[in-house]
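Right, one structure below, let's go through it.
All of the numbers you see were taken from the coordinates with simple rules; none came from a lab. Since we're looking at a predicted model, the values are computed, not measured. FYI the Cβ positions are ideal-geometry reconstructions off the backbone, even for glycines, and counts take in every protein chain you see.
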C-alpha cells in the first residue's frame with residue numbers, strides 16, 4: 001500500500017504543478033487580465049470550502065461519492081480544451097476540477113495516516129513533491145502553446161484517477177468505519193485555530209497564482225522562475241523525509257513557527273523581487289511554510305477530532321478552499337492595481353495567521 005500511495009501523490013501533485021505554475025501563465029498568454037485570472041482560480045477553492053458542509057447536511061463520504069469525484073475531475077480536465085476562449089466556460093471547468101480535487105485528497109490523506117502514521121507520512125508524501133518538480137522541469141522546456149499544458153493536465157488526471165480508484169478499492173474498510181461517529185468538529189469553539197490555518201492559505205494566494213507572473217514581470221526569465229519553483233520543492237522533499245522527529249513534538253508550536261517563517265518569506269519576495277540570491281533563500285523557507293506546516297496541521301487535526309475524515313475535509317475545504325478563494329481573489333486585484341505590494345500584503349496576512357494560532361495555543365493550555 002505505501003507504494004500505491006506514493007504513486008498517487010506523485011501524479012496528484014504533478015497535476016497541481018501544471019495547474020498552479022503554468023495555467024496562470026497560459027491564461028495571461030491568451031489575453032486574460034490579472035483580475036480575471038484571480039476570479040477563475042478562486043472558483044475551485046470556493047467549491048472546496050462549500051463541499052464539507054454538504055457532508056454535515058447528509059451527503060455521505062463513501063466510496064461511491066469518491067468515485068463520482070474521480071469522474072468529475074476527469075471530465076473537467078477534458079473540458080479545458082473547449083473552454084480556453086471563454087471566461088465563463090473556463091470558470092465552470094475550474095469549478096469541476098475543484099470538486100474533484102477537494103474530495104479525493106482528504107480521503108487519501110486519512111488512509112495514509114492510518115496506514116503509515118504521522119512519522120512516516122512525510123516519506124510517502126515526498127513523492128508528490130517529486131512529481132511536482134519533475135513536471136515543472138519538463139513542461140517548461142515544451143510549453144510553446146496552451147494545448148501542451150492541457151495535454152499534461154489531462155494525462156496526469158487520468159493516471160491519478162486510476163491509482164486513487166485502486167487505493168480506495170483495496171482500503172474500503174478505512175473509508176467506512178467512521179459512518180457512525182458523531183461529528184465532533186466545532187468551528188466556532190476552535191475558531192482561532194481555523195482562522196490561523198485559513199489565513200495561512202490566504203497568504204499563499206499571491207504565491208500560488210501569481211509568483212510566475214510576478215517574477216517574469218520583474219525581469220526574471222521563465223526558466224529561472226521555474227528553477228526557483230523547483231528549488232522550493234527540493235527543500236520541501238528534504239523536509240518531508242526528515243520531519244518525523246519534529247512531528248513528535250508540540251504541533252501547535254510548529255504551526256506558529258511555520259506561519260512566522262512564511263511572513264519572512266513573503267517579505268523577502270516583496271523587498272528583493274530581482275535578487276536571485278535572496279529569492280533562492282526565500283524559496284528555501286518552503287520547507288517550513290508548506291512541508292512542515294501541512295504535515296503538522298493534518299497530524300494535529302487527525303488527533304484532535306474523532307471524525308478524522310471529516311476533519312481532513314474541513315482542512316481542505318476551509319483552509320485550502322476558503323483561504324485559497326480569498327487569497328486568489330485578493331491577489332488578482334492587488335496585482336492588477338498595486339503589483340509592487342502583492343507580497344507585502346501576503347506578509348501581513350501570514351503574521352495574522354501566526355498571532356491567531358498563538359492565541360489558540362493559549363486557550364488550549366487554559367482548558
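Sorted from fewest to most neighbouring beta carbons within 10 Å, what does the list 352, 239 look like?
Going from sparsest to densest Cβ surroundings: 352, 239.
Which of 88, 32 has the fewest other C-beta atoms within 10 Å, and how do the rest follow up to the most?
88, 32
Using R₀ = 25 Å, calculate the FRET efficiency as 1/(1 + (r/R₀)^6) where r is the Cβ-Cβ separation of residue 248 and residue 3; round to 0.05. Spell out each step's value before the answer.
Details: r = 25 Å, r/R0 = 1.01.
After rounding to 0.05, the efficiency reads 0.50.
What's the ranking of 316-325, 275-284, 340-349 by average number of surrounding C-beta atoms within 10 Å, highest first?
Result, highest mean first: 316-325, 340-349, 275-284.
Please give the calculated 222 nm ellipticity per residue for the chain, where each DSSP H segment of at least 4 residues contributes -39500 (n - 2.57) and the sum is spread over every residue; nearest 500 deg cm²/dmol? List each step's numbers first, then the result.
Working: 16 runs with 284 residues, N = 367.
Mean residue ellipticity at 222 nm (helix-derived): -26000 deg cm²/dmol.
Run the simple label-point estimate for residue 87 and residue 134 please: 7 Å along Cα→C-beta, distance reported in nm.
3.9 nm
Give, in nm to one decimal, the length gained when the segment between residue 188 and residue 344 is fully stretched (0.36 nm per residue of separation minus the Cα-Cα distance).
53.2 nm
Please work out the Cα center distance from the stretch 300-348 to the stretch 1-21, rounded to the nearest Å.
Computed from Cα coordinates, the inter-centre distance equals 21 Å.
For residue 162 and residue 363, what does the FRET efficiency come to when R0 = 35 Å and r is the distance between their Cβ atoms, rounded to the nearest 0.05?
Once the sixth-power term is evaluated, E becomes 0.20.
Using only Cα atoms, what is the ratio of the radius of gyration of the chain to 2.2 N^0.38 Å? Please report the intermediate quantities before stating the final value.
Numbers: Rg = 19.1 Å, N = 367, 2.2 N^0.38 = 20.7 Å.
Compactness ratio reported: 0.92.
Relative to the present Cα-Cα distance, how much length would full extension add between residue 145 and residue 223 at 0.36 nm per residue of separation?
Working: separation 78, 0.36 × 78 = 28.08 nm, distance 1.58 nm.
Gain on extension, residue 145 to residue 223, equals 26.5 nm.
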